[in-house]
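Asks: Have a look at this one before I ask anything.
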Amino acid sequence: MNEAAQAFIGRKDFTAWQSAGSPTATSVREVTRLEIAERRDVFGSHLIEIEIEANGFLYQMVRNIVGALIQVGQGKLTTSEIESLTAGRDRTKCPPPAPTQGLCLIEVKYEP
């Protein structure tokens, strides 16, 4: 998953990773950080934390990226397939988004 996460780093056209039909002036965004960490909660359950930092996000972009990374972790998708999906810019060929449960916005940073 960490290797596949690196395929999202950089300035790219994220058309394939936004909700289909989203109206935006541009779908180019720059992902500056995407980190995955494993940990256990207070009850001992296994958790995977995924943190994404970018100069902006498209509608459902994070859910779609996380959904793809989950499939990588399950062995259903490879890093090269992630790269091909990004280049293909076709949301309909991408895996389903991750569910909303557990996703949260931590911080918004604005340029001075």
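Each value in this text was obtained by applying a stated rule to the coordinates, not by laboratory testing. Every value quoted in this text rests on a predicted model; they were computed, and no experiment measured them. Please note: Cβ atoms are built from the backbone with ideal geometry, for glycine as well, and neighbour counts cover all protein chains shown.
Asks: So, counting K/R as plus one and D/E as minus one, what does the shell of residues with Cβ under 14 Å around Thr26 add up to?
Replies: +2
Asks: Note down the relative contact order for segment 1-40 as a percent, whole number, built from C-alpha pairs under 8 angstrom at least six residues apart.
Replies: Taking the mean separation of contacting Cα pairs over the length of segment 1-40, I get 53 percent.
Asks: Here's something else I'd like to know. Looking at the P(r) of segment 1-43, how many percent of alpha-carbon pairs lie beyond 15 Å?
Replies: In whole percent, the long-distance tail amounts to 55.
Asks: Now a separate question. Amide H of Val28: which non-local residues (sequence gap of 5 or more, or other chain) have their own amide H closer than 5 Å, using H built in the peptide plane?
Replies: Answer set, sorted by chain and number: Phe14.
Asks: List the aspartates and glutamates whose Cα sits under 16 Å from the Cα of Lys109, skipping any in the same chain fewer than 8 residues away.
Replies: Glu30, Glu51, Glu53
Asks: Under a 10 Å cutoff between Cα atoms, tell me which one of Thr100, Thr79, Thr92 has the largest fluctuation in the Gaussian network model of the chain.
Replies: Highest fluctuation of the listed residues: Thr100.
Asks: Taking the highest mean first, how do the peptides 15-23, 33-41, 46-54 order by number of other beta carbon atoms within 10 angstrom per residue?
Replies: 15-23, 46-54, 33-41
Asks: Amide H neighbours of Ala54 under 5 Å, at least 5 residues apart or on other chains, H built in the peptide plane: list them.
Replies: Placed amide hydrogens put Thr32 under 5 Å from Ala54.
Asks: Sequence neighbours fewer than 8 away in the same chain don't count; with that in mind, list the lysines whose C-alpha is under 25 Å from Lys93.
Replies: Lys12, Lys76
Asks: At R0 = 35 Å, how high is the FRET efficiency between Ser22 and Asn2 if r is their beta carbon distance? Nearest 0.05 is fine.
Replies: Computed FRET efficiency for Ser22 and Asn2: 0.80.
Asks: Something else: What percent does the relative contact order of segment 2-93 come to when contacts are Cα pairs within less than 8 Å and at least six residues apart?
Replies: 37 percent
Asks: Quick one: dipole size for the chain, taken about the Cα centre, charges +1 on Lys/Arg Cβ and -1 on Asp/Glu Cβ, in debye to the nearest 20.
Replies: I would put it at about 300 debye.
Asks: What value, in deg cm²/dmol to 500, does the helix sum -39500 (n - 2.57) over DSSP H runs of n ≥ 4 give at 222 nm once divided by the residues of the chain?
Replies: After summing the helix terms and dividing by the residues of the chain, the value is -7000 deg cm²/dmol.
Asks: Going from the alpha-carbon gyration tensor of segment 53-112, what semi-axes, largest first and in whole Å, does one get by taking the root of 5 times each eigenvalue?
Replies: Computed over segment 53-112, the values are 23, 15, 10 Å.
Asks: In whole Hz, with x marking every Gly and Pro, tabulate ³J(HN,Hα) for segment 54-59 from phi via Karplus 6.51 cos²θ - 1.76 cosθ + 1.60, θ = phi - 60°.
Replies: 8, 7, x, 10, 8, 4
Asks: I'm a student and want to see the number: the projected area of the Cα convex hull of the chain, averaged over all directions, in nm².
Replies: Mean orientational projected area (the chain, Cα hull): 7.8 nm².
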